1. Leaving out ligands and nucleic acids, note down the accessible area per residue over the chain with a 1.4 angstrom probe, in whole Å².
2. By how many nm would the segment from R346 to D237 grow when fully extended, if each residue of separation counts as 0.36 nm and the alpha-carbon distance is taken off?
3. D63 to V168: extension gain in nm, 0.36 nm per residue of separation minus the Cα-Cα distance?
4. Along the positive direction of the dipole of the stretch 10-366 (beta-carbon charges: Lys, Arg +1; Asp, Glu -1; about the Cα centre), which of V288, S341, L358 reaches farthest?
5. Considering amide H positions built from the backbone, and no H for Pro or chain starts, which residues 5 or more places from G316, or on another chain, come under 5 Å of its amide H?
6. Suppose every Lys and Arg Cβ carries +1 and every Asp and Glu Cβ carries -1, with no other charges. What dipole size does the chain come out with about its Cα centre, to the nearest 20 debye?
7. Compute the separation of the alpha-carbon centres of the stretch 82-133 and the stretch 280-295 and state it in Å as a whole number.
8. How much of the accessible area of the chain, probe 1.4 Å, is carbon plus sulfur, in whole percent?
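The values are calculated or read from the model by the stated rules, or taken from the named source; none is laboratory data. Computed from a predicted structure; not experimentally measured. Please note: Cβ atoms are built from the backbone with ideal geometry, for glycine as well, and neighbour counts cover all protein chains shown. What goes into the accessible areas is simple: the full protein's heavy atoms, side chains included, and nothing from ligands, DNA or RNA. Shrake-Rupley method; radii C 1.70, N 1.55, O 1.52, S 1.80 Å.
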Amino acid sequence: MARIIPLADARVVRGTAVAVPHAAAPFTPTGTLPDTRGRMLRDLRVSVTDRCNFRCVYCMPKDVYGHDYPFLPHAELLTFEEIARLARIFKAHGVEKIRLTGGEPLLRKNLERLVAMLSDIGGLDLTLTTNGALLTKKARDLKDAGLNRVTVSLDALDDGVFRAMNDVDFPVSRVLDGIDAAAAAGLNPVKINMVIKRGVNDSEILPMARHFRNSGHILRFVEYMDVGHTNGWRMDDVVPSAEVIRIIGREFPLEPIGANYPGEVAERWRYVDAEGADAGEIGLISSVTQAFCKDCTRARLATDGQLYTCLFATHGYDLRTLLRGGSADDQIGNYLATIWSQRADRYSEIRSERTAALPKIEMSYIGG
Ligand code: SF4
């Protein structure tokens, strides 16, 4: 069973599994499951590995995630069959969208097999978030297996800045090739997530906007967050979304447009081109300056079977023991429904320098 490590030794924080008080009556899956704030369970993010081939400074800093970092042994990872079984149970309780994450999900061997198993369930919108390093090789197989879309993390266009941010000297050109391969495979629209850290890559905001404007891809600017507690987060390093809009707006006029669906994480803005042609849109993900907890419909399943109800959680709920301990689907369903129905998370609404130091789960483990 995973455990909490004192803050001093930030090597492993995978959260403590806590017991859940049993609900009065079993939950009958009805496809609608509200939490204590009336937020329905709709989105499940599934981390399929805690490993990554990058060491992004805001997520997996090298000084913590060195060569001897104790990643999870394979036997502790949920199997594809276990993930598919849980996906069916979550779907019965209302999940409509599954996002595969990591670490870097494309490092998990034969991932397209899992995509095909999830696609066979039916009625699920299947997406994936990747750093793009392996996308050129994998895009077609993932699409053929049933994946609908991809989101690619790309923090700079300048090769030097990008190599410094991924900290493994990986060239930007290969990620751009991956984006093209995803688009060619039909995994559209490709979304690109750029995490901005002041003084590190904020100079890349305009070059990125210029590059992806008129491309048909959707570039999203992500405020640097205090995920986990190993990235040394400080509020001073955050570039607020309002500032990003001002920077881009000086060159390309923008106007806000409505959300595609309730609970959409990114705030959408459209380029107002002089000729009225549609030059595309951008997104702002502003967890720090404009909390969006009130509409948060996301649950997170870690690769070792821990269930988390918030990205900034300090504890999880162990589903793997139930899976491997002979529990029936309705028992597992009842357990997760009990957890969600008692959920009250709103971390971004209460964030402070004090909460930033809490032993929160690491992004590389839970996958954002
Ligand atoms: S901080 Fe937690 S509750 Fe708020 S939007 Fe993020 S994941 Fe949801």
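1. With the other protein chains kept in place, the chain gives 41 Å² per residue.
2. Values: separation 109, 0.36 × 109 = 39.24 nm, distance 2.22 nm.
Length gained between R346 and D237: 37.0 nm.
3. Values: separation 105, 0.36 × 105 = 37.80 nm, distance 1.27 nm.
That works out to 36.5 nm of additional length.
4. Result: S341, furthest along the dipole toward the positive end.
5. The list, which skips near neighbours in sequence, is T16, A17, V18.
6. Working: 46 positive and 47 negative charges, 135 e Å.
Dipole of the chain, to the nearest 20 debye: 640 debye.
7. Using only Cα atoms to place each centre, the spacing works out to 24 Å.
8. 53 percent
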